[in-house]
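Before any comments, here is the structure.
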Amino acid sequence: MLSTWVGSPATPITSKDLYGCGGHQNYMGYCNRKFSNILNQVSTTLEASKRAALLNAAELKYMAKDIPSIPVYARPVFVIRKNTVKGPVVNPTNEGSPWNANTWSTA
């Protein structure tokens, strides 16, 4: 089966839903209790740098060894705009193109 995920800016917070034991979107059924405990900790850690450090260390320690999924491809994302509009750029999350609308301008 092929599927794709497009993450949100808060994806580390919701990683437990994708990879945690019994996660709501854990369709592959991956379960590593030690990793799930860390994902639960990540989901309640407010400081982004601490969240990233926890998740990166856990991914290296558990997921890199377990290999629960193999990325086959990245879904292409496009931004279509008029030539006179400057600023819209691809955002690979599910926030979409208007994520930086405050920086747009017209030529």
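Every number in this text was worked out from the coordinates using simple rules, so none of it is lab data. Quantities reported herein were computed from a predicted structural model and do not represent experimental measurements. Positions of Cβ are backbone-derived with ideal geometry, glycine not excepted, and every protein chain shown enters the neighbour counts.
Assuming a viscosity of 0.890 mPa s and a temperature of 25 °C, what translational diffusion coefficient in µm² per second does Stokes-Einstein assign to the chain, Rh being the Kirkwood radius over Cα pairs?
Value of D from the Cα-based Kirkwood radius: 154 µm²/s.
Place a +1 charge on the Cβ of each Lys and Arg in the chain and a -1 charge on the Cβ of each Asp and Glu, then give the dipole magnitude about the Cα centre in debye, rounded to the nearest 20.
120
Based on the alpha-carbon gyration tensor of segment 11-66 and its eigenvalue square roots a ≥ b ≥ c, which shape applies: rounded if a/c is under 1.5, prolate if not and a/b is larger than b/c, or oblate?
Verdict is oblate for segment 11-66.
Under a cut-off of 22 Å between alpha-carbon atoms, report the lysines in cross-link reach of Lys65, not counting same-chain residues fewer than 8 places apart.
Partners found: Lys16, Lys34.
Got a sec? How would Ser105, Ser36 order by Cβ neighbour count within 10 Å, fewest to most?
If I rank by nearby Cβ atoms, fewest first, I get Ser105, Ser36.
Could you give me the ³J(HN,Hα) list for segment 16-24, computed from phi with Karplus coefficients 6.51, -1.76, 1.60 and θ = phi - 60°, whole Hz, x at Gly and Pro?
4, 6, 8, 10, x, 4, x, x, 4
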